[in-house]
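The values are calculated or read from the model by the stated rules, or taken from the named source; none is laboratory data. Predicted model only: the values in this text are computed from it and were never measured. All Cβ positions, glycine included, derive from the backbone under ideal geometry; neighbour counts span all protein chains shown. The protein model used for the area step is the full one, side chains on, heavy atoms only, and it has no ligands, DNA or RNA in it. Shrake-Rupley method; radii C 1.70, N 1.55, O 1.52, S 1.80 Å.
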Amino acid sequence: MEDRIVYVAGDNVVTSLGLTTAENIENILAERTGIRHYEDNAIYPEPFMASRIDDATLSSHPLWNELSGFHRLEKMMIISASDAMARCGVDATSSRTVFLFSSTKGNIDLLANATALHPDAELANMAMRVARFFHSENKPYVISNACISGVLAVMLGQRLLKSGLYDNVILVGGDMVTEFVVSGFMSFKSVSANPCKPYDKERDGLSMGEGAATMVLTTNASLVKEPRPVMVAGGASSNDANHISGPSRTGYELNLAIRSAMDDACLTPDQIDLVDMHGTATVYNDEMESKALDLAGLASRPLLSYKGYFGHTLGASGLIEAVLCVESMRRQMQCRTLGYSELGVPVQVNVTTETKPAQMNNILKTASGFGGCNAAVIFSTEKTGRRQYATGKGKITHECVIANKMVTVDGKVVFDGSSTEDFGAFIRAAFKSISEPYMKFSKMDDLSKLGVTAAEYLLQNVDIHSCYKEEEIAMLLANRYSSLETDCNHQRIIDNRDFYQPSPAVFVYTLANIVMGEICIRQKFKGENLFMIEDRMDVDRISQLASLSLTSETVKAVVAGWVDFFGSDYSAHLFLVENDGCF
């Protein structure tokens, strides 16, 4: 099979520091921050720190007047994508070009004080609207996998290209500072009253931020204008299988993703010139990252977090920071970790303390997020990545379908709940009929209960751990409504300003991939994670992505499929995809 090299051909970053990559990197090199103090009751009833993009600056963009029919986040994405595409000349209308979006909450502001669900609050609709602006022929991919979404977009983009499915992938990420997001993180008491301090002894929480980014990946070398091309050399992901809102205490699972990415790129730890970690400045995240670096043999390598410049931009963060890593390689400049002064993590790591010229040929970018998910990618001017990816790999060995108060496994009805009153009674009875008491079950949202129950039935007669190691079992799920059922519950709580008590127990489930996290905890799966948003269930498309995971060499089996819940509509269709058919 042809070794297809994946190049970074064009990029853009839109944050509070500027509307182009150049504006952002110049402000970062000058060590300026976009994090500010705000008093805005429309966002939060008390003063808060955040990095927000000035609407006057956005509206000054030449494209702005053409975007009157689009929502604010969509405008940010279009502005970003237009700039990146113009820099490389990629043809968005080609059948060989596809868009891939990363976002955690999308147009979540459309839920505020709404009496019905706005269709553009659905992530698939948002992505389609942006892709159609550029007259794209192909149905876009959408990743909504908490804070690792942007890094996963780079990883998946590389695989789609190396498999030969496309020649160009336009990665677009974006998220906003909204009442929804700020109220939720405030309920967790994870937001600092000051600009964040990654890895610092005095760190006490994150800073919220918003932004958009675009990275054009291609196998067409003629689209690359740089004399020294940057390539995507490797990527991997993992799950902690530990907790849905807290990171691993050991860092072992992030270490798994890092080591697999380095193996993919044929790189040793001493060849990594810079590590750009998630670096949120929360107590436990930064502690976990230091341990993961140590386990991966990278504790001595220069360690950077960009969060002090423009805050935590959620599902856009991995992509924004990946673009800045690439630009740092082009300029051969190492940036200071803004906000850091004294080490406050248990492992002696090498946090960057000054902005200076530095030789950088290989940069590792990581991210971690709610649901226990981790991801890592490597950008290189030297390595192209050794793994080849292909579709058509693996076969479906077991299936479980839950719909209409029935559970079917491999074509046979194994639970009939038609006599139960509603979904709540049905799913409790279905789970109870197959499982010993599981205290966590009652605390989950309905989407997670549905997914956990489907996985329990799918694997009831499959001793999966006798065949595969826990890090060899991947999860790849999709749905239409993301976590909108729980999103609406959280929005109803914060719409009531007379009794304003956002609930962390509700907010934690306002991420679609949490269902995957709950399954991983229950089943002890630590392999790759990917949560996609689709307009409809498409077994062939999901299976195609599972095939890409199976050719990664680190994955031997994939629990894949569809888990969706909104209002009175629900459905689950899970299937086990295996390389060698152990079961």
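Which one is most open to solvent (accessible area, probe 1.4 Å) among residues in the range 213-225 that are hydrophobic (A, V, I, L, M, F, W, C) and farther than 27 Å from LEU314 by Cβ? Checking each candidate, the answer is ALA221.
With respect to MET360, determine if the residue is part of a helix (DSSP H, G or I), at negative phi and at pLDDT 95 or above. Judged against the criteria, MET360 is not a match.
All of LEU550, LEU511, LEU484, LEU458 fail the test of being at pLDDT below 95, surrounded by 18 or more Cβ atoms within 10 Å (Cβ to Cβ) and of a type outside the set (Asp, Glu), apart from LEU550. Comparison of ALA22, ALA9, ALA50 shows that the only residue that is farther than 25 Å from ASN362 by Cβ and either at pLDDT 95 or above or open to solvent by less than 10 Å² (accessible area, probe 1.4 Å) (or both) is ALA50.
Considering only residues in the range 293-304 that are in contact with a helix residue (DSSP H, G or I) (Cβ under 8 Å, 6 or more places away or on another chain) and either part of a loop (DSSP other than H, G, I, E, B) or open to solvent by 10 Å² or more (accessible area, probe 1.4 Å) (or both), the one that is farthest from GLU26 (Cα to Cα) turns out to be LEU295.
So that you can scan it fast, the table gives a plain yes or no per residue for (1) open to solvent by 50 Å² or more (accessible area, probe 1.4 Å); (2) in contact with a strand residue (DSSP E or B) (Cβ under 9 Å, 6 or more places away or on another chain); (3) closer than 26 Å to ASN513 by Cβ; (4) assigned to a loop (DSSP other than H, G, I, E, B):
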position: CYS400; (1), (2), (3), (4): no, yes, yes, no
position: VAL407; (1), (2), (3), (4): no, yes, yes, no
position: GLY424; (1), (2), (3), (4): no, no, yes, no
position: ARG428; (1), (2), (3), (4): yes, no, yes, no
position: PHE431; (1), (2), (3), (4): no, no, yes, no
position: SER435; (1), (2), (3), (4): no, no, yes, yes
position: PHE441; (1), (2), (3), (4): no, no, yes, no
position: SER448; (1), (2), (3), (4): no, yes, yes, no
position: THR453; (1), (2), (3), (4): no, yes, yes, no
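Screening the range 87-204 for helices (runs of 4 or more DSSP H) wholly inside it with 3 or more residues that are touching a Ser or Thr at 6+ places or on another chain (Cβ under 7 Å), open to solvent by less than 40 Å² (accessible area, probe 1.4 Å) and at pLDDT 95 or above returns the ranges 149-162. Condition first: in contact with a helix residue (DSSP H, G or I) (Cβ under 8 Å, 6 or more places away or on another chain), open to solvent by less than 20 Å² (accessible area, probe 1.4 Å), free of Cβ contacts under 8 Å to residues at least 24 places away in the same chain and in a loop (DSSP other than H, G, I, E, B). Can you find one or more residues in the range 410-420 that meet it? Yes: one or more hits.
Across the range 461-481, the number of residues qualifying as open to solvent by less than 10 Å² (accessible area, probe 1.4 Å) and assigned to a helix (DSSP H, G or I) comes to 1. For the range 243-292, filtered to residues that are in a loop (DSSP other than H, G, I, E, B) and of a type in the set (S, T, N, Q), the residue that is farthest from GLU382 (Cα to Cα) is SER245. For the range 337-348, a residue qualifies if it is within 25 Å of the chain's Cα centre (by Cα) and either basic (Lys, Arg) or surrounded by fewer than 24 Cβ atoms within 10 Å (Cβ to Cβ) (or both), and the qualifying residues are LEU338, VAL345. With respect to ALA367, determine if the residue is open to solvent by less than 30 Å² (accessible area, probe 1.4 Å), touching a Cys at 6+ places or on another chain (Cβ under 8 Å) and either of a type in the set (A, V, I, L, M) or over 27 Å from ALA512 (Cβ atoms) (or both). Answer is yes for this residue. Is it the case that the range 530-548 has a residue that's assigned to a loop (DSSP other than H, G, I, E, B), out of contact with any helix residue (DSSP H, G or I) (no Cβ under 6 Å at 6 or more places or on another chain) and at positive phi? No: zero hits. Note on the range 159-187: residues that are over 19 Å from ASN41 (Cα atoms) and among the aromatic types (Phe, Trp, Tyr) total 1. The C-beta contact set for the range 256-281 (first residue touching a residue at least 60 places away in the same chain (Cβ under 8 Å) and open to solvent by less than 10 Å² (accessible area, probe 1.4 Å), second residue among the β-branched types (Val, Ile, Thr) and assigned to a helix (DSSP H, G or I), distance under 6 angstrom, 6+ apart or interchain) is empty. Condition (residue is in a helix (DSSP H, G or I), without any contact (Cβ under 8 Å) to a residue 40 or more places away in the chain and surrounded by fewer than 24 Cβ atoms within 10 Å (Cβ to Cβ)) applied to the range 226-242: is it met by at least one residue? There is no residue in the range 226-242 that is in a helix (DSSP H, G or I), without any contact (Cβ under 8 Å) to a residue 40 or more places away in the chain and surrounded by fewer than 24 Cβ atoms within 10 Å (Cβ to Cβ).
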